[in-house]
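Just below is one structure, and these are the notes that go with it.
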Amino acid sequence: MLTPLDAELLNRLNRLLPQQLDQLLLRLEIPNHVMPRNTATHGDRVTALVEWARSSGGCDLEQVAKKLDTLESSFEDAVTPQAGSVKANGDVTNSVIITGNDKIVNLLVRGIDRLPTDYSTPIGNFLKAYLGTPQEPVPFGGRQHDLDYLDHWLAETQNTPPYLLLAAPAGRGKSALLVHWCARLAKRRDVAVVFVPVSIRYGTNRSEVFFAAAAARLAVLHGEDVPTTSNSVPVWKSLMADYLRRPLPDGRQLLLVLDGLDEAANLEVDWGLFSTSPKKGVRVIVSARFMAGDTNTRGWLTRLGWTSPQLARGKEVEPLDESGIKDVLSKMGCPLDVVGSRVDIVRQLYRLSEGDPLLVRLYVDEIWKRGEAASHLQPEDLEHIPPGLKGYFERWWQDQRSLWGKEAPLKELGVRTLLNLFACAFGPLMRRDLFRLLPDNCDLDEWTLDGSLEPLARFVVGDGEVQGYVFNHSRLGYHFRDKLQKSKRREGSERFVEWGNITLKELKTRELEPRDTPVYLVQYFGVHLEEQGASPQDFLKLICDEWRKASLAVEGSYSGFLGDVQRAWNKFGQVGETEVAQGLRISHLSQEILCALCVSSISTLSSRIPGELIALLVNHKLLTVMQGIAYARQKNESSDQTNALVQMSLLNSVSKHETYLVTTAALQAAQMTWPRIMIR
């Protein structure tokens, strides 16, 4: 009797082309006598494969599914996204023809949906936001030179560093460039792409999310099981690093793109993020916006430890020129291609946007929504608008006031209140969060909130239920935040801190269950305390069992809680350093010890798992082999690591390839022990 999953696998096998089935049989190393001749029907050959896999001498259907995943990810996808039509070049006998951006998105998130928490939807939505659809195209163009540069870096194997950093100010178009490039690469059969966005907008900026997503994609590409149990951040990070140490089994080049690392919420960027000696055939791109004090790519190259020119190079993404803006308009199709042919209009758009891709997108989106009337746009319609974001929003406010008429004062109050709230937030806010934060005098409630959100639909994404409300680009948040007076900014920050304190009190009095704690507070309460310059004692409030339970219940890990502990520890440490410098006695030593104990006890949870239990969990498929290796490596003593890995290598349920990986890891751990033995 086939299970639903087995039936789904059978349907996938039946949809394969004969040549694709032959490739799968070769990868499974099926004995020749098992399969009928090629003259047999496709259905008979699939049936023979399934029967063999389920027999005692077969590999089981789970292995067939894994090999099929790997094979499908290597098929060439020929796509023309704008039209959804197919363009096939050369011999496509062994290709699967896929149409539409949805297919590309599905290809780029394959495997992520199998994680304990499915992150494929937010990552998929991120990709779609830049790729668009035929009905809702997204402006992109003027980047052929950059695309050619990326192609050359990927193709050149001699004297080209394996790591590349893309850096620029916010809004310069880094994400759009990388998404479109990765979509192009997804059509190739010689490259495997792992694209992971680190995005506040889409809630993928926590390290337990983007490390897990990267590990899941890499597992699929290596033809191995995706971990289906939750892991700590160090384990996810270790899994990603282990996969990057190995070339892909099908011989394809591997490209990992980590986009927007500056938005990472709970990651201390250091030199240990990526190997300093990557394997041949592995390429990595990191993109990030310039931080305070950065004038070029050197700042981020130093943070990542990519200081050797043989290891990495940096590239700054430049603004668009007039020809680039013309290209954007022409690629939007009718009627904007007509607008793009007019030099006077292109010149005005260049003046208004100053080549800033974010502003180009805002103006192009607005012109697109005019429909056929866009072709009648005149330069005089744009001449009076000042350049930059300031000019754009001044005109937007004028248009809104005209639209609201007599109700303008009341409408404007609600819209400005929401803009100020989003500007003070560090991440997405749910609808219920807004009602905890809105001031009493704004006159917004369940009946009027939607009316104030509607004018912001051009700049704010989210529905407040599944995805929180947040600016659709981080630069818009910076813009509105900078416009706030210091008093208003502090008032907004105080509202978030007050909300956090009330929530913490409700947790301690058991008025609120840990699982009902707002996600936003678990992730960003400590950040707001830092912003306010809170005292060490304010941070100490978060070092309690109630906040630990809330972090675990909401995020499935202790990463948020550990981040808050580290913030408190840093604060007490700063005070202690000042006291020592002044010749005073350290007044908060006991609090520092408390923080140290919290960090060490949580960090060693996985290291205390006995080696026998790790092997047992792997044997019963409650952990993947790669998870087992990662947990073994969390042990403090190299001898304990070796013992756990040796026990795993003796399991009958582990394949030959997996045994090789475990044995290699065991030898590496043992080599760490031998010098100690020699010394003794």
TODO: Just one of (1) under 30 Å from P357 (Cα atoms); (2) exposed (fewer than 14 other Cβ atoms within 10 Å of the Cβ); (3) not small (G, A, S) trips up P439, so point out which.
DONE: (1)
Task: Cross-chain or 6+ apart pairs with Cβ under 6 Å, the stretch 243-260 first and touching a residue at least 12 places away in the same chain (Cβ under 8 Å), then of a type in the set (S, T, Y) - done: D250/S74; D259/S175; D259/S287; G260/S199
TODO: For the stretch 140-160, name all the residues that are modelled with pLDDT of 85 or more and either surrounded by 13 or more Cβ atoms within 10 Å (Cβ to Cβ) or of a type in the set (S, T, Y) (or both).
DONE: F140, G141, G142, R143, D146, L147, Y149, L150, D151, W153, L154, T160
Open item on the list: Among (1) under 15 Å from D262 (Cα atoms); (2) modelled with pLDDT under 95; (3) within 23 Å of the chain's Cα centre (by Cα), there is one condition G281 misses while meeting the rest; what is its number?
Closed with: (1)
Task: helices (runs of 4 or more DSSP H) contained entirely in the stretch 291-405, each with at least 2 residues that are in contact (Cβ under 8 Å) with a residue 40 or more places away in the chain and either in the same structural domain as T160 (by TED's automatic domain parsing) or over 30 Å from D270 (Cα atoms) (or both) - done: 298-304, 322-331, 357-368, 388-404
Task: Answer residue from the stretch 335-365, given it is at pLDDT below 80 and of a type outside the set (A, V, I, L, M) and is surrounded by the fewest Cβ atoms within 10 Å (Cβ to Cβ) among those - done: S341
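Just give me the residues in the stretch 185-214 being assigned to a helix (DSSP H, G or I) and either touching a residue at least 40 places away in the same chain (Cβ under 8 Å) or polar (S, T, N, Q) (or both), in sequence order.
L185, S207, E208, V209, F210, A212, A213, A214
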TODO: Output the qualifying pairs, or none if there are none: Cβ atoms under 6 angstrom, residues six or more apart or on different chains, first residue in the stretch 570-598 and of a type in the set (D, E, K, R), second residue surrounded by 12 or more Cβ atoms within 10 Å (Cβ to Cβ).
DONE: K571/P536; K571/F539; E579/I586; E592/F572
Task: Matching residues in the stretch 175-202 - criterion: being surrounded by fewer than 24 Cβ atoms within 10 Å (Cβ to Cβ), of a type in the set (K, R) and out of contact with any Asp or Glu (no Cβ under 8 Å at 6 or more places or on another chain) - done: R184
TODO: Tell me, yes or no, whether the stretch 236-259 has at least one residue that is closer than 17 Å to D118 by Cα and more than 13 Å from the chain's Cα centre (by Cα).
DONE: yes
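The values are calculated or read from the model by the stated rules, or taken from the named source; none is laboratory data. Everything numeric in this text was worked out from a predicted model, so none of it was measured. With ideal geometry, Cβ positions are generated from the backbone for all residues, glycine too; neighbour counts draw on all protein chains shown.
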